[in-house]
Structures are given as C-alpha cells and as structure tokens.
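The values are calculated or read from the model by the stated rules, or taken from the named source; none is laboratory data. Just so you know, these numbers come straight off a predicted model, no measurement behind them. All Cβ positions, glycine included, derive from the backbone under ideal geometry; neighbour counts span all protein chains shown. SASA here: full protein model, heavy atoms, side chains in, ligands and nucleic acids out. Shrake-Rupley method; radii C 1.70, N 1.55, O 1.52, S 1.80 Å.
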Amino acid sequence: MIPGSENHPESTALALVEFKAGRFDFAIEASGVRGSEALPDYDIPEIETLLSLSEVNNRAARLCLSLESGGQIHKISVAAPIALFSLPAAAIQPLPPALKARCRLPGLRALALTKEKFILLISLQDLLLRCKTAWSQ
Amino acid sequence: MSEITLDKILSKQFTGRKEIVNVDETMLKLVIFALGNDWFAFSGKQVREILACADIFFVPGCPPSLEGVINVRGDIESVIRLNELLQLPLPEPGKPAEILLSRSSAMNSGIRVDQVIDVIDLPESLIQAPPANLPETLRPFVSGIFPFNQKIVTVLDLEQIFLEYARGLG
C-alpha cells in the first residue's frame with residue numbers, strides 16, 4: 001500500500017495512482033497499489049498491452065508498479081512518472097451511456113474531470129485479471 | 001361579370017384567413033440541422049441544448065462514430081456522429097460543427113452535426129409519411145419528411161437511433 005493512501009483525510013475523495021499510457025491519463029485506485037520500483041530484470045506486462053493500446057511510450061523511463069490482489073502481487077510496467085493524488089468524489093463521473101455501450105477499452109469504469117484534463121479511471125480488478133492472463137501466456 | 005361587393009371581399013378575406021390560421025392544429029417544435037448536403041430534424045423535445053463545437057476528448061477503444069467526450073459545465077457528455085449509422089459521407093476533418101445535446105429513454109448523448117439550420121414550430125399535418133423510395137438504411141430511423149426553404153427535411157426518430165446505436169449499429 002502506498003503510504004498515506006489507506007487513511008486518506010478527505011472522506012469524499014478517492015486516492016488514486018495516476019500514470020500515462022499512450023497519450024492518455026489513466027488512474028487506478030491507490031488502495032490496491034503496493035508500491036513502485038525499478039523494473040525487474042525479467043519481463044513483466046506493459047500497461048499499454050493490458051489496455052490494448054497500440055502506442056507504447058518507449059522514450060519515457062519505465063517503472064514497475066506492484067498491484068496486490070488476494071495476497072498476490074502482480075507487477076506491471078508503466079511509463080514514469082506516476083503520481084499519487086486524491087480526487088474529490090464530485091469530479092468522478094460514471095461513463096456516459098454511449099461509452100458504456102460502445103467503448104471497448106478494457107476495464108474502463110469511470111471518467112474524471114479535473115481543471116486541466118480528463119482522466120480515465122480503470123478498474124483494478126479488471127486490470128489484475130488481465131495481469132493474470134498476461135502472466136499465464 | 002359578377003359585381004364586386006364589400007360582402008364578397010370580406011367573405012374572401014375571411015376564407016383566406018381561415019386557411020392560414022388554425023389554432024387547433026398540433027404544432028411540433030423541430031430542430032433542423034445539416035449533415036453534409038442533407039437536412040434532418042429532431043423533435044425539439046429531445047434536444048436539450050445546442051452547443052458550439054467544444055474540444056472533444058478522444059477516448060481510446062471507441063468506434064470512429066463515438067468521437068469522444070466533452071465538458072459541459074462540469075458534466076461529461078459523449079459526442080457521437082450519425083454519418084456511419086445513416087450511411088452518409090463523413091465530415092471533412094476540421095470542418096466547423098455544432099453539438100446537439102440530445103436525450104431519449106434509451107440514452108443521452110451529444111450529436112455532432114455540421115450546422116444547425118433553424119428551430120421551428122411546424123403544424124403536425126405538414127409532416128408527410130416517409131417516401132417509398134427512401135433508402136433501406138434510413139428507413140428504420142425516419143418518421144417523416146417536410147419541405148422547408150426549398151429543401152426536403154427528413155425527420156429522424158432519435159429514440160430508434162439511440163437504441164440501435166447502443167446495440168452496436170453505426
């Protein structure tokens with residue numbers, strides 16, 4: 001667990017870990033993120049692959065994000081930097097019906113609107129399921 | 001030659017006026033818009049707002065007809081285009097557009113149109129049944145036609161459009 005994410009002071013805010021994939025801003029719930037570290041010396045799945053994005057940012061330095069589920073740790077590679085931040089609940093909105101019906105981005109659960117940008121909120125469970133599938137291949 | 005009398009003149013004017021003014025006629029509010037060279041209309045009841053084209057944020061994983069989302073005073077709305085569904089030529093990239101924030105019982109969404117032509121109140125009786133030669137692809141979505149400014153305007157059934165869109169058409 002990333003320090004501070006478990007006892008967030010704002011009850012109406014959600015702690016998230018934000019990262020870039022392709023040219024998009026994504027975030028996942030911080031409660032399932034155990035930490036980040038340098039890439040290990042073995043292959044781990046890239047976030048862009050898990051999200052079925054064709055663009056991989058190879059120029060950026062990459063980090064290993066450790067996700068925890070059911071006592072197991074799953075490691076994925078993301079482009080640096082990553083950021084822990086909290087988002088007021090009011091900024092988080094469910095997917096508009098057209099997106100819910102037609103968008104095929106794996107795990108897309110909600111959208112957030114900040115002053116500067118849109119953030120795509122991904123379900124950690126779905127991402128972990130894809131991690132397991134990627135590892136088993 | 002028949003004699004012109006004041007009574008005849010007044011009678012003619014009264015008859016003429018009766019043809020124009022019919023207070024019992026049901027009026028429909030319609031939003032007329034252009035997609036390419038064709039003019040279409042939605043019921044005004046189903047259009048919440050007309051917006052100048054805002055910055056559309058592309059969301060990966062969407063079909064080309066789902067252009068993305070926009071920020072409408074802090075609310076996130078999707079923007080779709082109907083060209084694929086209605087099998088019309090695609091708009092030229094960078095061409096100015098407007099967005100109709102529309103709603104049906106199936107879903108809400110912004111709809112990108114090339115231009116809003118007018119918002120009118122039209123007597124219901126002026127809407128004619130869809131013509132027999134209407135392309136098969138348009139048939140499920142057309143509820144009628146009417147003439148307006150030397151053009152034929154096709155009235156679209158937004159309920160059906162959103163229903164089919166959500167099912168994966170277009």
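Is it the case, given these coordinates, that B:LEU86 is buried (at least 21 other Cβ atoms within 10 Å of the Cβ) and not basic (Lys, Arg)? No: the conditions fail for B:LEU86. Screening segment A:46-60 for residues that are open to solvent by 70 Å² or more (accessible area, probe 1.4 Å) and more than 14 Å from chain B (Cβ to nearest Cβ) and picking the one that is modelled with the highest pLDDT gives A:ARG59. Here A:LEU113 fulfils each of the conditions (1) at the interface with another protein chain (Cβ under 8 Å from one of its Cβ atoms); (2) open to solvent by less than 20 Å² (accessible area, probe 1.4 Å); (3) within 12 Å of B:ILE76 (Cα to Cα) apart from (2). Criterion first (closer than 16 Å to B:PHE57 by Cβ and of a type outside the set (Phe, Trp, Tyr)) does A:ALA110 satisfy it? For A:ALA110, the condition - closer than 16 Å to B:PHE57 by Cβ and of a type outside the set (Phe, Trp, Tyr) - is met.
Can we say B:GLY110 is assigned to a loop (DSSP other than H, G, I, E, B), surrounded by 16 or more Cβ atoms within 10 Å (Cβ to Cβ) and in contact with an Asp or Glu (Cβ under 7 Å, 6 or more places away or on another chain)? No, not satisfied. Only a single criterion out of (1) part of a helix (DSSP H, G or I); (2) closer than 28 Å to B:LEU169 by Cα is not satisfied by A:GLU55, namely (1). Could you tell me whether any residue of segment A:100-109 is part of a strand (DSSP E or B), open to solvent by 60 Å² or more (accessible area, probe 1.4 Å), under 13 Å from A:ALA27 (Cα atoms) and modelled with pLDDT of 95 or more? Yes, segment A:100-109 contains a residue that is part of a strand (DSSP E or B), open to solvent by 60 Å² or more (accessible area, probe 1.4 Å), under 13 Å from A:ALA27 (Cα atoms) and modelled with pLDDT of 95 or more.
If you go through segment A:71-99 and keep only what is outside any strand (DSSP E or B) and either at positive phi or of a type in the set (Val, Ile, Thr) (or both), you end up with just A:GLY71.
On the given criteria, is B:SER102 assigned to a strand (DSSP E or B), under 30 Å from A:LEU95 (Cα atoms), hydroxyl-bearing (Ser, Thr, Tyr) and within 10 Å of chain A (Cβ to nearest Cβ)? No.
Residues in segment B:135-152 that are farther than 24 Å from B:MET107 by Cα and surrounded by 12 or more Cβ atoms within 10 Å (Cβ to Cβ): B:ILE145, B:PHE146, B:PHE148, B:LYS151, B:ILE152. Residues of segment B:113-134 that are among the charged types (D, E, K, R) and surrounded by 19 or more Cβ atoms within 10 Å (Cβ to Cβ): B:ASP114 alone. If you go through segment A:69-91 and keep only what is at the interface with chain B (Cβ under 10 Å from one of its Cβ atoms) and either in contact with an Asp or Glu (Cβ under 6 Å, 6 or more places away or on another chain) or in contact (Cβ under 8 Å) with a residue 60 or more places away in the chain (or both), you end up with just A:ALA90. If you go through segment A:110-137 and pick out every residue that is more than 11 Å from the chain's Cα centre (by Cα), in contact (Cβ under 8 Å) with a residue 12 or more places away in the chain and not in a helix (DSSP H, G or I), you end up with 7. Residue count for segment B:55-67 under the criterion of being closer than 25 Å to A:ALA90 by Cα and more than 7 Å from every other protein chain (Cβ to nearest Cβ): the result is 4. Here segment B:36-72 is the region considered, the condition is being closer than 18 Å to B:PHE148 by Cα and touching a strand residue (DSSP E or B) at 6+ places or on another chain (Cβ under 6 Å), and the residue that is surrounded by the fewest Cβ atoms within 10 Å (Cβ to Cβ) is B:GLY44.
Select from segment B:68-99 the residues that are within 10 Å of another protein chain (Cβ to nearest Cβ) and over 24 Å from B:ASP118 (Cα atoms) and list them in ascending order. Once the filter is applied, which keeps residues that are within 10 Å of another protein chain (Cβ to nearest Cβ) and over 24 Å from B:ASP118 (Cα atoms), segment B:68-99 yields B:GLY68, B:VAL69, B:ASN71, B:GLY74, B:ASP75, B:ILE76.
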